Amino acid sequence: MLQGSLEHAFQKSFELITLDLSHNHLTGSIPKWIGEFSQLSFLLLGYNTLDGSIPTQLCKLNELSFIDLSHNNFSGHILPCLRFKSSIWFILLEEYPSEFDLREPLVIATKSLSYPYLPSILNYMTGLDLSYNSLSGPIPQTLSNLSEVESLDLSNNSLNGEIPPQLVQLHSLAYFSVANNNLSGKTPKMVAQFSTFNKSSYEGNPLLCGPPLLNSCTKEVPPPPRPSTDEKEESSVFIDAQVFCVSFVVTYIMELLGIAAVLYINPDWRQAWFYFIEKSINTCYYFVADNLLKPFRIRVWKPLV
């Protein structure tokens, strides 16, 4: 197995078409001179211990068709400028086998499994595998421009934000995974190729919602419990008692106001009313004095002579 840094390896090999250094013990970062490989179509650096950020020089590689940087320690953001060569152009390359004259199969990791592919098959493949790294930030909306991509694996990182809804435009996509990140919001619409992806493509993101996940994006508020028959009866009795008390007080006040108005307007009735009140007071006084206070009267005993 190879080990060490890539700083000075392959630096002068500008005509490389395929660079497969996966399943080794390479360390350090991807050197910036990688952008000088103008003919590079397949970059396979998975299953190493490479770190640092993904160099922007990869955006200069117009012939790229497959990138595998999985199972490393890359950090930073996903490059929004990544683009792939159209697979139609690679079909035309079949007419020029001298430009791609490999006899040994290459090992491509898809769905966390590794499969060997012959070079003739690789001409029809496009994919991006950045799984099992420490990448952060949002998923670039520009990934929807990779119209010919067939495999897109961004799982097991620290990506956040929402999944760009424009990704549903990737009609050639056969495998997709953003599992085990910190993504939130709605999953892409279940249309075209995305209707074939199950919940394993999104699991491990607690804040994601929508099909095929079981988390619903609309929180249903449960209806309030219906009061029982006894509660209804108690409530009606309480309301009736309140109505009775209010109506009684209002009626009593209206009667007092009516009597006062009559006495104020008619002096004869006012005089009769005061006479009646005075007489009632006297009657009450003598009644109380004769009946209720009689046992408490002090008796004076005179001595017998």
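Quick look at the values:
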item: Residue within region 39-58 that is buried (at least 21 other Cβ atoms within 10 Å of the Cβ), farther than 19 Å from L19 by Cα and modelled with pLDDT of 80 or more present; result: no
item: Yes/no for L64 being of a type in the set (A, V, I, L, M) and touching a Lys or Arg at 6+ places or on another chain (Cβ under 7 Å); result: yes
item: From L173, L208, residue being at pLDDT below 90 and surrounded by 15 or more Cβ atoms within 10 Å (Cβ to Cβ); result: L173
item: Strands (runs of 3 or more DSSP E) (entirely within region 6-83) containing at least 3 residues that are farther than 21 Å from E150 by Cβ; result: 25-27, 51-53, 73-76
item: Residue tally, condition farther than 16 Å from L82 by Cα and not β-branched (V, I, T), over region 138-165; result: 9
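For (1) of a type outside the set (A, V, I, L, M, F, W, C); (2) modelled with pLDDT under 85, each residue gets a yes or a no:
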{"site": "L2", "(1), (2)": "no, yes"}
{"site": "L21", "(1), (2)": "no, no"}
{"site": "T27", "(1), (2)": "yes, no"}
{"site": "I91", "(1), (2)": "no, yes"}
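The values are calculated or read from the model by the stated rules, or taken from the named source; none is laboratory data. Being a predicted model, the structure only gives us computed values, none of them experimental. With ideal geometry, Cβ positions are generated from the backbone for all residues, glycine too; neighbour counts draw on all protein chains shown.
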